[in-house]
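**Student:** First the structure, which I've put down as structure tokens, then a few questions once you've had a look.
The values are calculated or read from the model by the stated rules, or taken from the named source; none is laboratory data. Note that the structure is a prediction, hence the values are computed from the model and not measured. Here the Cβ is made from the backbone with ideal geometry for all residues, glycine too, and neighbour counts use every protein chain on show.
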Amino acid sequence: MSAIDDLIDDTGAYDCVECGKCTTVCPVAKLDSNFAPRLIVVKALEGVDGGLAQNKDIWRCTTCAICSNMCPYKVDYTEFIRGLRGEAIIDGFEPICSQGGFMHTIARILSNQLHQDRLNWVTDDLKVAKKGEVYYFSGCQAHLNKIFKEKNVKVIDIARNCIRILNKVGITPAMSNNEVCCGHDLNWIGDEATLKKLMEINIKAIKTAGAKKVLFSCPECMRTFDFDYQGFAGDLDFELVYITDFLMDLVDDGKLEFKDKGKEKVTYHDPCRLGRHLGIYDSPRELIEAAGFELIEMENICENATCCGVNAFVTCEALSKTMQINRLIEAKNTQADKLVTACPKCLIHFSCAVWKEIPVEKEKVDIPIIDLISVVTERI
Amino acid sequence: MDNMFKPRIIAFCCNWCSYAGADLAGVSRFQYPPNARIIRVMCSGRVEPRFVFRAFEKGADGVIVTGCHIGDCHYISGNKKAEERMKLVRYLIGILGLEEDRFRLEWISASEGQKFAHVMTAFINKIKELGPNPMFGKIEEGTECQQ
Amino acid sequence: MHGSALVLGGGVAGIQSSLDLANKGIKVYLVEKEPSIGGVMALLDKTFPTNDCSICILAPKMNECFAHSNIEVMTYSELTSLEGEAPNFQVTILKKARFIDEKKCTGCGDCTQKCPTKVPNKYNMNLDERKAIYLPFPQSVPRIMTIDKELCLKFTKDKCGNCSKVCKAKAIDYEQKDEEIVLQVGAVVVASGFEIYKPIEMFEYGYGKYPNVRTAIEYERLICASGPTEGNLLVEPNGEHPSQIGFIQCVGSRDFRRKNPYCSSVCCMYATKEAMLAREHYEDIEAYIFYTDLRAVGKNFQQYVDRAKKDYDIKYIRARPGQIVENPDTNKLTIWYDDLINPNVQSLEVDMVVLCTALMPSTTANRIGEILGIELDDNGFFRAKDLLGDPVSSTRDGIFIAGYCAGPKDIPESVTQASGASARASEVIAQAGG
Amino acid sequence: MSTEQEQPRIGVSVCHCGTNIGGFLDVPAVAEYVKTLPYVIYSEHNLYTCADDGLTSIKNAIKEHDLNRIIVASCTPRTHAPLFQYTCESAGLNPYLFEFVNIREQCSWVHMKEKEEATLKAKDLIRMGVARANLLEPQTEKRVDVISKALVIGGGVAGMSASLSLADQGFQIYLIEKEEELGGMVRKYYKLTPSNIDALEFIDNMVNKIKIRENIKIYKSSIVKDVRGYIGNFKVTIEGKSNENLEVGTIILATGAQEFKPNGFYEYGQDERIVTTIELENKMRIKELDGVINVIMIQCVGSREERIPYCSRICCMTAIKNAIYLKKEFDISVNILHNEIRVYGDYYEALYRKAQEIGVHFNKFGENDKPKVLKENGTLNVEIFNEGLGRIEKYPADLIVVSTPMVNISDAESLSKMLKVPLGQDRFFFEAHVKLRPLDFATDGIFLCGAAHAPATIPEVITQGYGAASRAAIPLASGYVQVEAITSHVEEAKCRGCGRCVEVCEYKALELAELENGRRVSRTNEVLCKGCGTCVATCCNGAISMMHYTSEQINAMIDAALSEKVGGGIVG
């Protein structure tokens, strides 16, 4: 059997009946009629010549998983694309990455176990430990912070606020200078080999810290641990918890309380990794409301939430910006004061869309974009 | 460090000043160690941080970017933009765990053949001190948390 | 446009004139007396008020000029006659034998390595040596060797012949003869440049007598990274870098008694630049500029001087020193002056004095004037037809003047006038139906 | 056209350069090694690749082996690339399919005592060259037609000189003047040195010359309202008595300057015995100097201070000129109070001496000790501290002339935006290069002359006018502009239209264009692009590529340099 056949098996693509639902819901296809998820699957099933792996369309999918979620036959389309990308790499194709593959290069460098200085952003007011039961995985936030400095995205605030909020409830999270990028972006350009290297380093770092519970503030990291690490390495002997779930438990136990700072209105964007991939829809919303905000929902939410336009720093193009602008218009239309999201990447991509020239009148998209943790930290 | 270590250096030179400075070093027969491989670009403003990291990823022991002195840029301000971009390189090198000294940004004019040779010699010597690119040299097992 | 033009002088003005004319389609013969084009600008280290590296910005223009399909660069050549009237001049050019087959020479330099004869290097103001077969400077254009007939052993003693032996391109031709070339041109641009005054006669400053008294152009070579000391300023007796330098303005300029009555226009600024460079090379150096009136009149010049004072801590002293005395034991120099701001005869001991000497019309200007039939003014600069209304035309139709040979000016002004002269030359050629 | 589908067939010529390369590294071994590299079909080594036989050998190899890429490993591309590119072209190969490897200046000459290492380095360098050559694409040097007309903005001495020269070089000129009459600033002067000619007569002479030129069309009382397009093809809207749209190939900006009005300095504006230089010129013209016995001129009023830090260049000369006229024609005594006399060059230095000789008084004040004007019983006195004598000196004045600096015109800002040309910190228009391009703007096709650049004397302004005419005539005379083959290129589908590249481009070569669907994308104007590649490095999603220096090519060179441990790495 060829690698593509394996992939068809693994993702259930043989079940496809060409109903076209995937294409209908696909955010890329909505904007570009030449793009059709259905056709990619069909071409694979039919064994169409010309090498599917060479098809540039496989790099245009945002892997937002809306198609997978909607497919009546449960074809795991997103996984199918990931597999195809892996084949493309094996065939010697350069992945089509934004930033010229900069992020991916950094992740590969990290797989070499260098003496990092990755926690240099941990300021004196933040309490962290080398060892402890609760471990906070900060991922790539330190690099991303500098790389997107020009675009006024303060990614590192998410990490700092996470620690701040944990310290507030008396938790000193364990962190490791030896942890590395989770490998999400490499995984989604088909570089499974490096992903595995990163995985080993991370698992070792977390075990060394003696963690029983690992907290994430980045849905991509959480997803990679949950699905990909456990897929390769079997069940991990520590619990994976997303920060909003963790905090809501504290709220429910009365251990975390928020100050009332008035009824600000916010709207919430579901990150695809957190929502459709991991199924976490409720805790972010509950947390927003617990912190005293009024949540106004956009039109497309939860399973149906629109993608932020780019994933894994693969293909960023004009169309991605259109997606972002459309989503921002949707947010602005709610008349909320702020757009809140729970993923550093969503934060970056939305901020990028309104950086410098904006293709629509500024008022239509003029809404502050802020991450969930930072917005609730203001009220502790 | 092992004497047998022969660093591999990637040098980006702008066409108008630093590449010309490298040429003048040649014309003047200023000797420097043979470890650098020069990549000519029209302007240091063309050099993206990702090229630097790609070089490290592929095994370079050091990367040096050179351009016209500030104010001398053939394209008015390309070198200023390079300077801005290279700040990111320096920062990331630090947190990624590649020694900061493995990267250097230098301004070398077309009349500074001697400076070109000096800078190359000094940089290569520094890299010799630092040893191989840690990704390609010996990987130390079980590195302890630095904090 | 069609037609042709002669440009005399391959300095920055001649280069600019040639490029402007050639880019309009006019055939240009660029005649330069030295073996390389580039002129004095090629000797400078940096340029004011931006401290741009001089050769970095000039070399591309030199190469562009040489590679231009409409420009014939004739180096080591001189104008010997001009006949006819605009737009039908007939000119004769003497192309001196450089004893090298220009088509064969690759500029590799093997010959230079093996040449046994060392002679003072004019390009470095005789501060070091070159060989009898040579390229004037590393960035020379064209990259073709020249044999110095006066000094080459083959010519003086019929010995050696090393260059011929090592030249694999077989480019050495000891039998080469001077050549006369006759050209028809529609217009002429004269850009014969200037000479730098050597202040031997100004005994009070001790130039030529005290080792640590230099002229500004020598200083340029000394501070330049590609100069004889690779950019190191060294003073006698110990070869250490100086701790104090004094720059003296108006050496031979604004001197109605002994030398030139005019202001050379550029010294205040290049002294400021040179003082800044000293400070950039050696943080601890103290630099003093002795001036009469500080003529920081160009665009951004005053700001440049303000920066020199504020950021570089360069001291400006308003005085024209009367005497420099050397301590023979230490080679230190005492500058005696009357400070106009704090009136009193005072002295200052320094390790090095840089004399900012006058710039004067080229020694060839008289002869060029005679051949071309154009007038010179009292100072020896080419006279403009109308100093107010037509500053780029000479006193003869069809012949235009540009650069320092038409009066004191700095590089941008020379470049401007070079373009201006080529505009007027283009008019002549255009109206002749070119 | 594209060789994308074509398999590379590479030929490599390694040069001995006599002994310059051959003496310090093993050239035959290098040439032999090169044959092992992918896509290398042919490899040779010559004594001098740049000599006739070497060049012929390349040409023959191209034909014989059907080569579609040529690499020469010899000296530096900075001097020799044109020669080899020309050779390739004459053998029918696009010159951009040529790659130069420098193994002399950057190898044999700098590693003269390390033959083995130098040989390894040469191999590495050529391997990098081969990696790049695989990805080279043919480029064409396009030409863009130029409308053979020019627009001159400003009808002062600079603009008129430029117009006259351009017209006499044979081009159609549109000359725009915002005032009712040509002549600009000089119109306000009395007499001019060196020729002692009346300023109005001088202007009239020029205007008469302009009028008889059939190819100069004058628009008086008109201003430029809008400028679009680029070198060769500007579309200009002018507004005046009639509104017109003009199409021109080049534009000369000669908008001049104005005298700074010293409001708030001394009692200017309140006491009419305190006037500016231009006001004095007018008084001399209309002979309104009855009863004036002593004139005091104060230099550097408003200039060389915090707000206007520059020296205005012409004030010392103008003051001396006027002092001489006052003295000679009106028999008025003049004191020029100055910090220093900044007359430069030959003519003006002589004029300064002449003024001294006829008895104009020059009195110096300290740099930070400006003169004081005192009013005593209605009489004006000016007081300065004479540093030389160490005492205060007082001069009675019937008329005080303050020499104020020239400043840029008030609509400079809007012109700057319209023409996309910059203003410097001094608010004057800022040229492309201070030293070597004083008349050009960084934006191609637009040129600068006269006091719009910086204060200047009349002969200087005229020289600049002619100079700008030369620069502006080049594209008009050629009829085309050669477009750099090495330019950036925007892939529209990828472009997010953020506009960052537009911001970083110094040459205004990128512009946000609106597509039919309303989407905005950046586009390179190849005519203006200089090929530096800064925009490429700026674009975060790889929408811009740099012809001939693509990211793929650079990546390939990096990878090739490090792909083998031939030249480095850990040995033993």
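**Student:** Please identify the pairs in which a residue from the range D:58-75 that is under 22 Å from D:Ala29 (Cβ atoms) has its Cβ atom under 7 Å from the Cβ atom of a residue that is in a loop (DSSP other than H, G, I, E, B) and of a type in the set (Ser, Thr, Tyr), counting only partners at least 6 apart or on another chain.
**Tutor:** Close Cβ pairs (under 7 Å, with a partner that is in a loop (DSSP other than H, G, I, E, B) and of a type in the set (Ser, Thr, Tyr)) amount to D:Val72/D:Thr49; D:Ser74/D:Thr49.
**Student:** Here is a further query. Does D:Ala61 qualify as being under 45 Å from the mean Cα position of the chain (by Cα), under 25 Å from C:Lys168 (Cα atoms) and of a type in the set (A, V, I, L, M, F, W, C)?
**Tutor:** Yes; evaluated as a whole, the condition is true for this residue.
**Student:** Just to be sure before I move on: is D:Ile278 in a strand (DSSP E or B) and either closer than 30 Å to D:Ser163 by Cβ or among the acidic types (Asp, Glu) (or both) in the structure I sent?
**Tutor:** Working: in a strand (DSSP E or B): no; either closer than 30 Å to D:Ser163 by Cβ or among the acidic types (Asp, Glu) (or both): yes.
It is false that D:Ile278 is in a strand (DSSP E or B) and either closer than 30 Å to D:Ser163 by Cβ or among the acidic types (Asp, Glu) (or both).
**Student:** Mind checking whether some residue in the range C:219-232 is farther than 17 Å from C:Glu280 by Cα and aromatic (Phe, Trp, Tyr)? Show your work before the answer.
**Tutor:** So the first thing to find is which residues in the range C:219-232 are farther than 17 Å from C:Glu280 by Cα, and the list is C:228.
Now drop any that are not aromatic (Phe, Trp, Tyr), which leaves none.
No, the range C:219-232 contains no residue that is farther than 17 Å from C:Glu280 by Cα and aromatic (Phe, Trp, Tyr).
**Student:** How many residues are part of a loop (DSSP other than H, G, I, E, B) and within 14 Å of another protein chain (Cβ to nearest Cβ) if we restrict to the range D:11-35?
**Tutor:** The total comes to 11.
**Student:** Let me ask something else about it. Among the numbered criteria (1) at pLDDT 95 or above; (2) outside any loop (DSSP other than H, G, I, E, B); (3) away from chain B (no Cβ under 14 Å), which single criterion is violated by D:Leu120?
**Tutor:** (3)
**Student:** How many residues are surrounded by fewer than 19 Cβ atoms within 10 Å (Cβ to Cβ) and touching a Gly at 6+ places or on another chain (Cβ under 9 Å) if we restrict to the range D:180-199?
**Tutor:** Here the count works out to 4.
**Student:** Tell me which residues, restricted to the range D:129-162, are under 21 Å from the mean Cα position of the chain (by Cα) and closer than 30 Å to D:Tyr86 by Cα.
**Tutor:** Within the range D:129-162, just D:Val146 meets the criteria.
**Student:** Further question: Give the residue, chosen from A:Leu126, A:Leu144, that is under 26 Å from A:Thr244 (Cα atoms), in a helix (DSSP H, G or I), at pLDDT 90 or above and more than 8 Å from chain B (Cβ to nearest Cβ). Full working, then the answer.
**Tutor:** Numbers: A:Leu126 fails: in a helix (DSSP H, G or I).
Unique residue meeting the criteria: A:Leu144.
**Student:** Tell me, yes or no, whether the range A:88-97 has at least one residue that is away from chain B (no Cβ under 11 Å), crowded, with 20+ Cβ neighbours inside 10 Å and closer than 24 Å to A:Lys345 by Cα.
**Tutor:** Yes.
**Student:** Residue under question is D:Ala73, and the condition is that it be within 14 Å of chain B (Cβ to nearest Cβ) and at pLDDT below 95; does it hold? Can you show your working first?
**Tutor:** On the way: within 14 Å of chain B (Cβ to nearest Cβ): yes; at pLDDT below 95: no.
Spelling it out, it is not the case that D:Ala73 is within 14 Å of chain B (Cβ to nearest Cβ) and at pLDDT below 95.
**Student:** Please count how many residues of the range C:254-303 are outside any helix (DSSP H, G or I), out of contact with any Pro (no Cβ under 6 Å at 6 or more places or on another chain) and of a type in the set (A, V, I, L, M, F, W, C).
**Tutor:** So the count comes out to 9.
**Student:** Then there's this: Filter the range D:454-480 down to the residues that are touching a Phe, Trp or Tyr at 6+ places or on another chain (Cβ under 9 Å) and more than 7 Å from every other protein chain (Cβ to nearest Cβ), then identify the one that is farthest from D:Tyr348 (Cα to Cα).
**Tutor:** Among those residues, the one meeting the criterion is D:Leu476.
**Student:** Return only the number of the condition from (1) buried (at least 18 other Cβ atoms within 10 Å of the Cβ); (2) not in a helix (DSSP H, G or I); (3) not hydrophobic (A, V, I, L, M, F, W, C) that A:Glu357 does not satisfy.
**Tutor:** Going through (1) buried (at least 18 other Cβ atoms within 10 Å of the Cβ); (2) not in a helix (DSSP H, G or I); (3) not hydrophobic (A, V, I, L, M, F, W, C) one by one, A:Glu357 breaks only (1).
**Student:** So, in the range A:300-336, of the ones that are among the charged types (D, E, K, R) and facing another protein chain (nearest Cβ under 10 Å), which residue ends up farthest from A:Leu195 (Cα to Cα)? Steps first, answer last, please.
**Tutor:** Going residue by residue through the range A:300-336, those that are among the charged types (D, E, K, R) are A:303, A:317, A:321, A:327, A:330, A:332.
When the remaining residues are screened for being facing another protein chain (nearest Cβ under 10 Å), the result is A:317, A:321.
On the way: A:Glu317: 26, A:Lys321: 28 Å.
Only one residue tops the list, namely A:Lys321.
**Student:** Considering C:Asp311, C:Asp329, C:Asp306, which residue is surrounded by fewer than 23 Cβ atoms within 10 Å (Cβ to Cβ) and within 11 Å of another protein chain (Cβ to nearest Cβ)?
**Tutor:** Selected residue: C:Asp306, the only one of C:Asp311, C:Asp329, C:Asp306 that is surrounded by fewer than 23 Cβ atoms within 10 Å (Cβ to Cβ) and within 11 Å of another protein chain (Cβ to nearest Cβ).
**Student:** Go through B:Arg46, B:Arg54, B:Arg37 for me and flag whichever is more than 14 Å from chain A (Cβ to nearest Cβ) and crowded, with 24+ Cβ neighbours inside 10 Å.
**Tutor:** Working: B:Arg46 fails: more than 14 Å from chain A (Cβ to nearest Cβ); B:Arg54 fails: more than 14 Å from chain A (Cβ to nearest Cβ).
Step by step, each of B:Arg46, B:Arg54, B:Arg37 is checked, and only B:Arg37 is more than 14 Å from chain A (Cβ to nearest Cβ) and crowded, with 24+ Cβ neighbours inside 10 Å.
**Student:** Any residue in the range B:9-31 that is more than 7 Å from chain D (Cβ to nearest Cβ) and part of a loop (DSSP other than H, G, I, E, B) sitting within a Cβ distance under 8 Å of a residue that is surrounded by fewer than 24 Cβ atoms within 10 Å (Cβ to Cβ) and basic (Lys, Arg)? List the pairs, counting only those 6 or more apart or interchain.
**Tutor:** Partner pairs satisfying both residue conditions: B:Asn15/B:Arg40; B:Asn15/D:Arg78.
**Student:** Kindly provide the set of residues from the range C:372-409 that are hydrophobic (A, V, I, L, M, F, W, C) and out of contact with any helix residue (DSSP H, G or I) (no Cβ under 9 Å at 6 or more places or on another chain), ordered by number. So that I can check it myself, show each step before the final result.
**Tutor:** Step one: list which residues in the range C:372-409 are hydrophobic (A, V, I, L, M, F, W, C), which gives C:372, C:374, C:376, C:381-382, C:384, C:387-388, C:392, C:399-402, C:405-406.
C:Leu372, the sole residue that qualifies.
**Student:** Please pick out the residue among A:Lys321, A:Lys255, A:Lys259 that is in contact with a Cys (Cβ under 9 Å, 6 or more places away or on another chain) and either within 23 Å of A:Cys64 (Cα to Cα) or part of a loop (DSSP other than H, G, I, E, B) (or both). Spell out the reasoning first.
**Tutor:** On the way: A:Lys255 fails: in contact with a Cys (Cβ under 9 Å, 6 or more places away or on another chain); A:Lys259 fails: in contact with a Cys (Cβ under 9 Å, 6 or more places away or on another chain).
It is A:Lys321.
Residue-wise test of (1) in contact with a Pro (Cβ under 6 Å, 6 or more places away or on another chain); (2) under 30 Å from D:Thr443 (Cα atoms); (3) small (Gly, Ala, Ser).
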residue	(1), (2), (3)
B:Met4	no, no, no
B:Ala20	no, yes, yes
B:Pro33	no, no, no
B:Pro49	no, yes, no
B:Arg54	no, no, no
B:Asp61	yes, no, no
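**Student:** Please note which strands (runs of 3 or more DSSP E) are completely contained in the range C:329-403 and include at least 1 residues that are aromatic (Phe, Trp, Tyr) and closer than 30 Å to C:Ala425 by Cβ.
**Tutor:** Filter on the range C:329-403 gives C:399-401.
**Student:** On to the next question. Hey, among D:Gly291, D:Gly359, D:Gly366, D:Gly264, which residue is surrounded by fewer than 22 Cβ atoms within 10 Å (Cβ to Cβ), among the small types (Gly, Ala, Ser) and without any contact (Cβ under 8 Å) to a residue 24 or more places away in the chain?
**Tutor:** From the options D:Gly291, D:Gly359, D:Gly366, D:Gly264, the qualifying one is D:Gly264.
**Student:** How about the range D:430-460: which of its residues are assigned to a loop (DSSP other than H, G, I, E, B), at pLDDT 95 or above and over 17 Å from D:Ala473 (Cα atoms)?
**Tutor:** D:His453, D:Ala454, D:Pro455, D:Ala456, D:Thr457
**Student:** For the range D:371-429, which strands (runs of 3 or more DSSP E) that fit wholly inside it have 2 or more residues that are away from chain C (no Cβ under 14 Å)?
**Tutor:** Here the list reads D:372-376, D:379-386, D:391-397, D:399-402.
**Student:** Select from the range A:257-315 the residues that are among the basic types (Lys, Arg) and touching a residue at least 40 places away in the same chain (Cβ under 8 Å) and list them in ascending order.
**Tutor:** Of everything in the range A:257-315, those that are among the basic types (Lys, Arg) and touching a residue at least 40 places away in the same chain (Cβ under 8 Å) turn out to be A:Lys259, A:Lys261, A:Lys265, A:Arg273, A:Arg276.
**Student:** Taking D:Glu105 and the conditions (1) among the acidic types (Asp, Glu); (2) outside any loop (DSSP other than H, G, I, E, B); (3) more than 21 Å from B:Tyr19 (Cβ to Cβ), which numbered condition does it fall short on, given that it satisfies the others?
**Tutor:** Result: D:Glu105 fails condition (3) only.
**Student:** Among strands (runs of 3 or more DSSP E) lying entirely in the range D:472-518, which contain 2 or more residues that are farther than 27 Å from D:Ser551 by Cα?
**Tutor:** In the range D:472-518, D:480-482 are the strands (runs of 3 or more DSSP E) which contain 2 or more residues that are farther than 27 Å from D:Ser551 by Cα.
**Student:** Continuing with this model, one more query. Out of curiosity, is C:Ala358 without any contact (Cβ under 8 Å) to a residue 60 or more places away in the chain and crowded, with 19+ Cβ neighbours inside 10 Å?
**Tutor:** no
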